[in-house]
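Written out below as C-alpha cells is the structure these notes cover.
The values are calculated or read from the model by the stated rules, or taken from the named source; none is laboratory data. What you see is a predicted model; the values in this text were computed from it and never measured. Here the Cβ positions follow ideal geometry from the backbone for every residue, glycine too, while neighbour counts run over all protein chains shown.
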Amino acid sequence: MDKVTVLANAKLNLYLDVLGKRPDGYHDLDMLMVTVNCGDVITVRKADKGVLSVKMDGVPAGEENTAFRTAKLVSEYTGSGLDITIAKKIPVGAGMGGSSADSAGVLNAAKKLFGISPETAEEMALKVGSDVVYMMYGGIMRARGRGEELTPVEGLENLRTKFFVVAQKCIGATTAKVFSHFDTLGMQPKNSFDKTVSSLKTGRYEDGLYNALFLSATYHCPSIVATMFDLKNFSSAACMTGSGSACFAVFDTFEGAEECARALQGYKYKSVLHII
C-alpha cells in the first residue's frame with residue numbers, strides 16, 4: 001500500500017467551558033463535541049526519504065501549518081517521505097476544527113499506511129495541538145484536558161435526528177488571541193456540563209448550548225453577534241462553536257433548516273449539516 005485517502009470530518013461544540021490555564025500554556029477544557037457531515041479529503045502517499053510535501057487545495061502549506069507539522073512527525077517516526085494533498089471543505093477560522101481535522105486525517109491515514117499504533121498516533125496528536133485526539137475518533141463525546149480525555153456521552157442519540165444550520169460571516173481571530181482575551185475576563189459558565197446534557201436529553205436545546213469563549217471571540221470578531229441574531233430569527237437554540245467565528249442553530253426539520261439557510265445573505269459559509 002502506497003497511498004491512503006481519508007475523510008477528516010468537522011466538529012461542533014455544544015458545550016465549551018474553560019477551566020483554567022495550564023503550566024504548559026494550554027488551557028484545561030470541558031467540552032461536548034459532535035462530528036458533523038462536513039470534511040476535508042486527505043490523501044497521504046509514501047515518498048522518497050527526505051521528501052515532505054503538503055498541498056492544500058493545490059497550494060503548498062508552510063511549516064506553521066498543522067498538517068505539515070503532523071506530517072513531519074510521521075516522517076521522522078517512519079523514516080519515509082510523504083506527499084500529502086488536502087481538499088478543503090471545512091471553513092477556515094470557523095471553530096469547526098479544520099486544522100485539527102487535517103492533523104487527525106494525516107494521522108489516521110498514517111496508521112493505515114505505516115501500521116502506526118493508536119497510542120503512538122495519540123502522542124503525536126498531543127504534540128501538534130488540542131482537539132486532535134478527538135478529531136481522530138469523533139462521535140458524541142465529552143472531551144476534557146486539552147481535548148484528549150474522551151468519554152462517550154450516552155442518551156443523546158436524539159441529536160442525530162436534528163439539523164444544524166452552520167453559518168460564518170468572516171474568518172475569526174486565532175484561537176490563541178481568543179483564549180488570551182478570555183484570560184483577562186475570567187468568565188464563568190452559566191451551565192454545568194451535567195445541566196447541558198440534561199437539557200439536551202429532554203429537547204430543551206436553548207437551555208443547554210453554551211460556549212464560554214463567546215464574549216472573547218466577539219471582541220475580536222463582532223460579526224459573530226450578527227450571526228447569532230440572524231440564526232435566532234429562526235431558532236431559539238443557537239450557539240457559537242469552538243473559538244468562532246461560525247455559529248449554529250438547531251432545527252427539528254430539514255425544511256426549517258433550509259428556510260433559515262436560504263435567508264442568510266452575505267455569508268462566507270452557510271450549510272445545513274447533521275451529526276454522523
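The table that follows gives values for the structure above.
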read-out: Residues (in contact (Cβ under 8 Å) with a residue 12 or more places away in the chain, surrounded by fewer than 17 Cβ atoms within 10 Å (Cβ to Cβ) and assigned to a helix (DSSP H, G or I)) located in segment 183-194; value: Asp183, Leu185
read-out: Only one of Arg146, Arg142 that is of a type in the set (Lys, Arg), modelled with pLDDT under 95 and touching a strand residue (DSSP E or B) at 6+ places or on another chain (Cβ under 9 Å); value: Arg146
read-out: Residues within segment 143-157 that are of a type in the set (Gly, Ala, Ser) and either farther than 15 Å from Tyr26 by Cα or outside the structural domain of Gly129 (by TED's automatic domain parsing) (or both), tallied; value: 1
read-out: Residues that are charged (D, E, K, R) and at positive phi, drawn from segment 89-129; value: none
read-out: Failed item, numbered, when Phe164 is tested on (1) surrounded by 20 or more Cβ atoms within 10 Å (Cβ to Cβ); (2) more than 28 Å from Cys260 (Cα to Cα); (3) in the same structural domain as Gly242 (by TED's automatic domain parsing); value: (2)
read-out: Single residue of Lys3, Lys89, Lys11 found to be surrounded by fewer than 16 Cβ atoms within 10 Å (Cβ to Cβ) and among the basic types (Lys, Arg); value: Lys3
read-out: Per-region count, segment 259-276, residues without any contact (Cβ under 8 Å) to a residue 24 or more places away in the chain and of a type outside the set (S, T, N, Q); value: 1
read-out: Close pairs (9 angstrom Cβ cut-off, 6 or more residues apart or separate chains): assigned by TED's automatic domain parsing to the domain that holds Asn37 in segment 97-126, in a helix (DSSP H, G or I) and basic (Lys, Arg) anywhere; value: Ser103/Arg69; Ser117/Lys111; Pro118/Lys111; Thr120/Lys111; Ala121/Lys111
read-out: Strands (runs of 3 or more DSSP E) lying entirely in segment 198-276 (those with 3 or more residues that are outside the structural domain of Ala10 (by TED's automatic domain parsing) and at pLDDT below 95); value: none
read-out: Residue in segment 157-170 that is of a type in the set (Gly, Ala, Ser) and at positive phi present; value: no
read-out: Meets criteria (touching a residue at least 24 places away in the same chain (Cβ under 8 Å), surrounded by fewer than 19 Cβ atoms within 10 Å (Cβ to Cβ), of a type in the set (Val, Ile, Thr) and in a loop (DSSP other than H, G, I, E, B)) for Val41; value: no
read-out: Any hit, segment 160-169, residues being closer than 28 Å to Thr218 by Cβ, out of contact with any strand residue (DSSP E or B) (no Cβ under 7 Å at 6 or more places or on another chain) and not small (Gly, Ala, Ser); value: yes
read-out: Failed item, numbered, when Tyr219 is tested on (1) surrounded by fewer than 21 Cβ atoms within 10 Å (Cβ to Cβ); (2) within 26 Å of Asn158 (Cα to Cα); (3) in contact with a helix residue (DSSP H, G or I) (Cβ under 9 Å, 6 or more places away or on another chain); value: (2)
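Residues are listed down the side, and each one gets a yes or a no for (1) surrounded by fewer than 16 Cβ atoms within 10 Å (Cβ to Cβ); (2) in contact (Cβ under 8 Å) with a residue 24 or more places away in the chain:
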{"site": "Asp57", "(1), (2)": "yes, yes"}
{"site": "Glu76", "(1), (2)": "yes, no"}
{"site": "Gly79", "(1), (2)": "yes, yes"}
{"site": "Ser130", "(1), (2)": "no, yes"}
